[in-house]
Amino acid sequence: SDVYKRQGEDLAARLFAQKGYELVARNYRVGKGEVDLIARKEGLLVFVEVKTRTSLAFGHPEEAVSRRKALLTIRAADEYIFRTNWQGSIRFDIVAVVFNRGQSPVVTHFEDAFF
């Protein structure tokens, strides 16, 4: 649901902040493509796809990034890079967040998750 999606994005944003990144955009949308979070640290720009699940019944959240979703994310990232004239390095990450009832959410960060 949207509530979990928002909470998942909040947790991911906090994770990147703790790792010393500056959050430069959230829910950056271009056409059908959207990047959940864009974070920057020195010469690196990271495009983050946040996947949330309330259980693992349907598999791990990071497995839910389809090829089409990856391509739409890359297209949105390309547009952001163009609009901001970004000259540094880029990386695509996935943050998987699993909310299990009665337990703390489990947050897993996958760097270089897709290209």
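The values are calculated or read from the model by the stated rules, or taken from the named source; none is laboratory data. Remember, it's a predicted structure, so these values are computed and weren't measured experimentally. Note: ideal-geometry Cβ built from the backbone for every residue, glycine included; neighbour counts use all protein chains shown. Accessible surface is based on the protein model in full, side chains and every heavy atom, while ligands, DNA and RNA are left aside. Shrake-Rupley method; radii C 1.70, N 1.55, O 1.52, S 1.80 Å.
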May I ask you to give the solvent-accessible area per residue for the chain, in square angstrom, as obtained with a 1.4 angstrom probe?
60 Å²
Cα atoms only: what Rg and Dmax, in Å, come out for the chain?
13.8, 45
Give the ranking of ARG29, ARG6 by solvent-accessible surface, highest area first, calculated with a 1.4 Å probe.
ARG29, ARG6
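Ranked highest first by average number of other Cβ atoms within 10 Å, how do 75-87, 100-112 line up? Mind showing how you got there, number by number?
On the way: 75-87: 14.2, 100-112: 11.2.
Highest to lowest by the protection proxy: 75-87, 100-112.
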Could you look at the chain and say what percent of its accessible area is carbon and sulfur, using a 1.4 Å probe and all protein chains?
49 percent
What figure in square angstrom, to the nearest 10, would you give for the accessible area of LYS19 with a 1.4 Å probe?
80 Å²
